[in-house]
Amino acid sequence: MKQGDTMTAKKNGKFWLALIIFSLTGQIAWVVENMYFNVFLYEMFHASPADISAMVSASAIAATVTTLLVGAFSDKVGKRKVFICGGYILWGVSICAFAAIRPDVIETLFPAMAASAAAIGVTLTIVMDCVMTFFGSSANDACFNAWLTESTDHTNRGAAEGINAMMPLVAILAVFGGFMSFDLSKAESWTTIFLIIGIAVILIGVLGLFLLKESTVTSEENRSCLRNLIYSFRPSVIRENHLLYLGLLVFALFNISIQIFMPYLILYYTESLKMDNYVLIMAPAVIVASVFTAIYGRVYDKLGFTRAVLPTLGLLTGGYLLLFFFKGTALVFVGSLLMMSGYLSGAAMFGALIREHTPAGKAGMFQGVRIIGQVLVPGVIGPAIGAAVLKNAETVVNGDGTTSFIPNANIYLAALAAAIVLILALVPVCKLLKKGANCDAE
């Protein structure tokens, strides 16, 4: 984002604290949705694959539409803090509401429809998931991301993005570690989980009222909400900000590579490699990769994107190769460490690049296209490639007569192919980026 000399390069401790707690809390809430809601739906209401697919699709659409609408509206209002803090509070309330979606509660409220309690539970969960996503995407995807873009500049954006990018996997560790002893077949466990996460998100929203400093939103025009909404899709805007859209394109390729294997990662460890103690591999790898990313983010600030991104892709592809060729614990750990380090640091580099080229005063209007490139497109294409690769995977027969597939190492080969396409695409893109203002450190 080209902010001229209006930004203060040095940020105080309050900024970094706000970045850490809002980013981490938001990612913990998303982990509960993305990795636990399907388990909740399956355990409590015996959901079918179609039910789970419907929930995931509805949530993805809700997140994209919300980010487009609220991002544009917050630009119109010229405020971020009220949307972030209010959104987190309502986000937490909506998470707490899931504690009431239980078979026994539904049967008590609708005794005449007890036989349909499971179907009612599935429907309520999908609807409430969309409601929760609306508040979460308003607060986090649209406004927190816009706030972070506006609160940093080319001197500290890499460092900030390094912290922001490591939070998703830190959140996974926090959720898995915090709830690993819970029996997820019991409704009481889910009630406790939803209340703990919901109350934590509410408290962070309240804390933000005192901690967050409003960013400077200086729109050049007093645009209508409709014009704000369609602004980032206008051909003239795309031509004027072509470096931003090129960044989104390569970021989408990067995330497609990640999404090919990520949905099957834990299943690969437990089912294919028979590693019941996979946490002993994942936890150290994620911790080291997170620390590396936080430090490596400063490389972007010193060297710029084109010189900082290639080493991260080298780590990523090296991890893919080790995970594809080897199944021993030691080399799987090294491969996982390289892959996680490349994933997190690469995400930081691409995220910083996109923030760098987001026009000043219009960050909210561009959050919609960001989430399309970062979440929606990779979330559809990546898992579809992974599913195609595993179409003829080995299966096992379960005790109830059903069959389950066993993920194999071909997911890493497919991810490697996508990463190679990304690297080839970066060659001409980086040449254009070098010509763009404020792309590389001077």
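The values are calculated or read from the model by the stated rules, or taken from the named source; none is laboratory data. Since we're looking at a predicted model, the values are computed, not measured. Methodologically, a virtual Cβ is constructed for each residue, glycine included, from the backbone with ideal geometry; neighbour enumeration extends over all protein chains shown.
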Check on T270, closer than 22 Å to N410 by Cβ, in a helix (DSSP H, G or I) and modelled with pLDDT under 75: yes
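Name the residues in region 242-263 that are among the hydroxyl-bearing types (S, T, Y) and over 17 Å from L322 (Cβ atoms), would you?
Matches in region 242-263: Y245 only.
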Residues of region 405-425 satisfying the condition of being farther than 11 Å from S257 by Cα and either free of Cβ contacts under 8 Å to residues at least 24 places away in the same chain or assigned to a helix (DSSP H, G or I) (or both): F405, N410, I423, L424, A425
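Among R370, R298, which is basic (K, R) and either within 30 Å of T66 (Cβ to Cβ) or modelled with pLDDT of 85 or more (or both)?
Just a single option satisfies the conditions, and that option is R370.
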Long-range neighbours under 8 Å by Cβ, at least six apart or interchain, first residue within 20 Å of S23 (Cα to Cα) within region 179-208, second assigned to a loop (DSSP other than H, G, I, E, B): I193/F182
Hits in region 188-207 - residues which are surrounded by fewer than 17 Cβ atoms within 10 Å (Cβ to Cβ) and of a type in the set (S, T, Y): S189, T192
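Which of the residues that make up region 324-345 are over 20 Å from L313 (Cβ atoms) and buried (at least 20 other Cβ atoms within 10 Å of the Cβ)?
Matches in region 324-345: V332 only.
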Flag for I126 being in a helix (DSSP H, G or I), over 24 Å from F292 (Cα atoms) and free of Cβ contacts under 8 Å to residues at least 60 places away in the same chain: no
Qualifying residue in region 203-218 (condition: of a type in the set (S, T, Y) and either closer than 30 Å to A387 by Cβ or modelled with pLDDT of 80 or more (or both)): no
